[in-house]
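Notes follow the structure.
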Amino acid sequence: MRSYSPGETAEKSGFSIDTLRYYEKIGLLPGIARNASGRRVFSDGDLQWLGMLRCLRETGMPIAEMLRYSELARGGDQTVRERLELLQDHDHRVEEQIARLREQQAHIQWKIRLYSGEVREPGGAGAPGEVGEGLPA
């Protein structure tokens, strides 16, 4: 099994060294090995776990919930049901966030079409129902 320095781990994971230290301190990265001089040494398994943490964080999971997931993951097979429920709840929130973003993207795309002359709005420059409707776009 390969081992990685904190710098290599930061580069491979996309987390800063400070974030790695913080995650270790709060318990999201438990059991990080140390070399003879006391420096942290990360494994392939640690990198995989960091990949999961990045996924959860970038999809908006709060740190407290990530800590709960981490705690459950350390609990082994007997916590699979709870982990499943936690991830399903998070997935539902991600789906809601994506839907909101799609709605907002549609508005942006409409505005792009308006500005590029692909569409014309009768009676005003703003999108229907837009704050500031009727003001110059």
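The values are calculated or read from the model by the stated rules, or taken from the named source; none is laboratory data. Nothing here was measured: the structure is a model prediction, and the numbers come from that model. FYI the Cβ positions are ideal-geometry reconstructions off the backbone, even for glycines, and counts take in every protein chain you see.
Scanning segment 81-137 for residues that are at pLDDT below 90, more than 32 Å from the chain's Cα centre (by Cα) and aliphatic (A, V, I, L, M) gives 119, 125, 135, 137.
Considering 51, 31, 7, which residue is modelled with pLDDT of 95 or more and over 21 Å from the mean Cα position of the chain (by Cα)? Of 51, 31, 7, the one residue that is modelled with pLDDT of 95 or more and over 21 Å from the mean Cα position of the chain (by Cα) is 7. Residues in segment 87-116 that are touching a residue at least 24 places away in the same chain (Cβ under 8 Å) and among the polar types (S, T, N, Q): 97 alone.
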